[in-house]
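Enquirer: To start, I am sharing the structure in question, which I have written as structure tokens.
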Amino acid sequence: VSIAAESTGLPLAEARRRRMRELMELLYPWCRSLTGPGVRDTLDAIATEVPLEVVATPSGTDVFDWVVPNEWTPRGARLTDASGNVLADLADHTLHLVSYSVPFEGRLTRDELAPHVHTLPEHPTWIPYRTSYYNADWGFCLPHERWEAAGDGPFDVVVDTRLEPGHLVHGELVIPGRSEEEVLVSAHVCHPSLVNDNLTGIVVAVELARALAAAPRRYTYRFVFAPGTIGSLVWLSHHRDGWHRVRHGLVLTGLGGGGPLVYKRTRRGDRPVDAAAWHVVRRRGGTVRDYSPWGYDERQYNALGFDLSVGRLTRTPHGEYPEYHTSADNLGFVTDDELAEAFDALVEVLDVLEGDAVYANMSPFGEPQLGKRGLYPSVGGKAAGDAVMAMLWSMALSDGDTGLLAIAERADLPFAAVRHAADQLAAAGLLRELDTTLGAGSDG
Ligand code: ZN
């Protein structure tokens, strides 16, 4: 049973939408960063949904060209004016404190404080998101209008954080399939109260893991929930003997927030996942972009030393919508419909990767009689018309070299229709599957 078919059952789809929304609401207030209690709690929450393994790597560990940083524990942070008015409090919003702020306490003039204050003049009511991972500093982020109205000070600053040797944690989940070849699904878990970037990627990945666990498939699926950049590199460093098993992969992020689906190709640009996503995303009105070494963890997986075929699925990409990395990327910015469509598109891409195959036409002398084999639909309509066309195209192009995805593209039909036609024709003895290794893996 394909998960695409399974996902169209209304009660199940409704339950999925509700679970994704509830998990986003649970995770939203937590203060995630590269390390620290926010990431630990997030992974623990995911582990209550699916059997996630949490891996801890000590600070100071060399990871390729990087070093695992000290663990950051924010305990409280508050900026007040001389009258005691609160300008920013970590307890009110995690974006108020610059991530990885070092401890500080003192009374400062406005001029002294200003270099530590971040605002968005063009969106005066929003709080920006700022980090200072690799530069020992502290800072507050607040609405520009609040900072403008804050007077001349002095201001009292309390940044109660700890930055000391600990661990970086990431989560892994493996769902074995019939083949040892793997599909990698990766989502970053290092952003605090931001929903599109990347609670959307997290909750869609969790739902995919749940669906696959209920119905294992040909490939083995490996999920990585890791802090951006350093976290994916930690995972790669732990799996030096496993890179070669990753045949396809997708980074999931920014799956809400309006806009059409956008697929970013692998560095090579000609991998099976590129062709599969091209087919699915364009048929859903989305767009496909070429690779760039800027973005999320796809830039680590695609690095020359690893050379993994990992693309990226988003809607409007990072930096191209005004709410990006601000407090406006909140629970109201992402709709359940957007997440549900992203989930369905993701499953369709996987269905292509799982189901693409090459067949040989066993009745090549003219068009076979579909009616006498019970293959001609008894009712009309577009679906029936598509079904007939999918059978005719499959017979016309199954030359022992052309795969089903290529047939679907040439026929301008959904892959699922061609896949279904091939199953019917094979059952009737009109097509024979050849032992090839397209996107479909090597065990079929
Ligand atoms: Zn981001």
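The values are calculated or read from the model by the stated rules, or taken from the named source; none is laboratory data. Keep in mind that this is a model prediction, so the values were computed, not measured. Note: ideal-geometry Cβ built from the backbone for every residue, glycine included; neighbour counts use all protein chains shown. Just so you know, the surface numbers come from the protein's heavy atoms only, side chains and all, with ligands and any DNA or RNA stripped out. Shrake-Rupley method; radii C 1.70, N 1.55, O 1.52, S 1.80 Å.
Enquirer: Which residue, of S378, S398, S394, is polar (S, T, N, Q), away from the ligand (no atom under 16 Å from the Cβ), open to solvent by 30 Å² or more (accessible area, probe 1.4 Å) and over 19 Å from the mean Cα position of the chain (by Cα)?
Expert: Values: S398 fails: open to solvent by 30 Å² or more (accessible area, probe 1.4 Å); S394 fails: open to solvent by 30 Å² or more (accessible area, probe 1.4 Å).
Checking each option against the conditions leaves just S378.
Enquirer: Counting only residues that are more than 18 Å from A342 (Cβ to Cβ) and open to solvent by 10 Å² or more (accessible area, probe 1.4 Å), how many does the range 266-301 have?
Expert: 14
Enquirer: Out of all the residues in the range 321-358, which are outside any strand (DSSP E or B), within 16 Å of the ligand (Cβ to nearest atom) and touching a helix residue (DSSP H, G or I) at 6+ places or on another chain (Cβ under 9 Å)? Please lay out each step first, then the result.
Expert: Filtering the range 321-358 down to residues outside any strand (DSSP E or B) leaves 321-325, 327-357.
Of the ones still in play, those that are also within 16 Å of the ligand (Cβ to nearest atom) are 321-325, 327-330, 333-334.
Answer for the range 321-358, where residues must be outside any strand (DSSP E or B), within 16 Å of the ligand (Cβ to nearest atom) and touching a helix residue (DSSP H, G or I) at 6+ places or on another chain (Cβ under 9 Å): Y321, E323, Y324, H325, S327, D329, N330, F333, V334.
Enquirer: Counting only residues that are part of a strand (DSSP E or B) and among the hydroxyl-bearing types (S, T, Y), which one in the range 263-317 is nearest to G355 (Cα to Cα)?
Expert: Of the range 263-317, the ones part of a strand (DSSP E or B) are 263-264, 287-289, 310-314.
Now restrict to residues that are among the hydroxyl-bearing types (S, T, Y): 263, 287, 314.
Working: Y263: 20, T287: 23, T314: 23 Å.
Restricting to residues being part of a strand (DSSP E or B) and among the hydroxyl-bearing types (S, T, Y), the top hit is Y263.
Enquirer: Of (1) free of Cβ contacts under 8 Å to residues at least 12 places away in the same chain; (2) within 16 Å of the ligand (Cβ to nearest atom), V251 satisfies all except one. Which?
Expert: (1)
Enquirer: For the range 401-423, enumerate the residues that are of a type outside the set (A, V, I, L, M) and open to solvent by less than 70 Å² (accessible area, probe 1.4 Å). Before the answer, list the steps.
Expert: In the first step, residues of the range 401-423 are kept if they are of a type outside the set (A, V, I, L, M); the result is 401-403, 409-410, 412, 414-415, 419-420, 423.
Hits for the range 401-423 are T402, G403, E409, P414, F415, R419.
Enquirer: Identify all residues within the range 166-188 that are open to solvent by less than 10 Å² (accessible area, probe 1.4 Å) and β-branched (V, I, T); write none if there are none.
Expert: V169, V183, V185
Enquirer: If you don't mind, there's one more thing I want to ask. Given the criteria within 16 Å of the ligand (Cβ to nearest atom) and farther than 30 Å from R40 by Cα, does S292 qualify? First the steps, then the outcome.
Expert: Details: within 16 Å of the ligand (Cβ to nearest atom): yes; farther than 30 Å from R40 by Cα: yes.
The answer is yes for S292.
Enquirer: If you take the residues in the range 25-53 that are in a loop (DSSP other than H, G, I, E, B) and in contact with a Gly (Cβ under 9 Å, 6 or more places away or on another chain), which one is most open to solvent (accessible area, probe 1.4 Å)?
Expert: We begin by selecting, within the range 25-53, every residue in a loop (DSSP other than H, G, I, E, B); these are 28-36, 50-52.
Restricting the remaining residues to those that are in contact with a Gly (Cβ under 9 Å, 6 or more places away or on another chain) gives 30-32, 34-36, 52.
On the way: W30: 68, C31: 29, R32: 2, L34: 5, T35: 1, G36: 2, L52: 23 Å².
The residue in question is W30.
Enquirer: State all residues of the range 189-244 that are open to solvent by 10 Å² or more (accessible area, probe 1.4 Å), touching a strand residue (DSSP E or B) at 6+ places or on another chain (Cβ under 7 Å) and within 16 Å of the ligand (Cβ to nearest atom); if no residue qualifies, say none.
Expert: Across the range 189-244, the qualifying residue is only G228.
Enquirer: In addition: Determine which single condition F365 fails, assuming it passes every other condition in (1) open to solvent by 20 Å² or more (accessible area, probe 1.4 Å); (2) in contact with an Asp or Glu (Cβ under 7 Å, 6 or more places away or on another chain).
Expert: Only one criterion is unmet by F365, namely (2).
Enquirer: Next question. Can you name the helices (runs of 4 or more DSSP H) wholly within the range 359-429 that have at least 2 residues being under 23 Å from A345 (Cβ atoms), at pLDDT 95 or above and among the charged types (D, E, K, R)? Break it down stepwise before answering.
Expert: Numbers: elements: 382-397, 404-411, 415-427.
Per the criteria, 404-411, 415-427.
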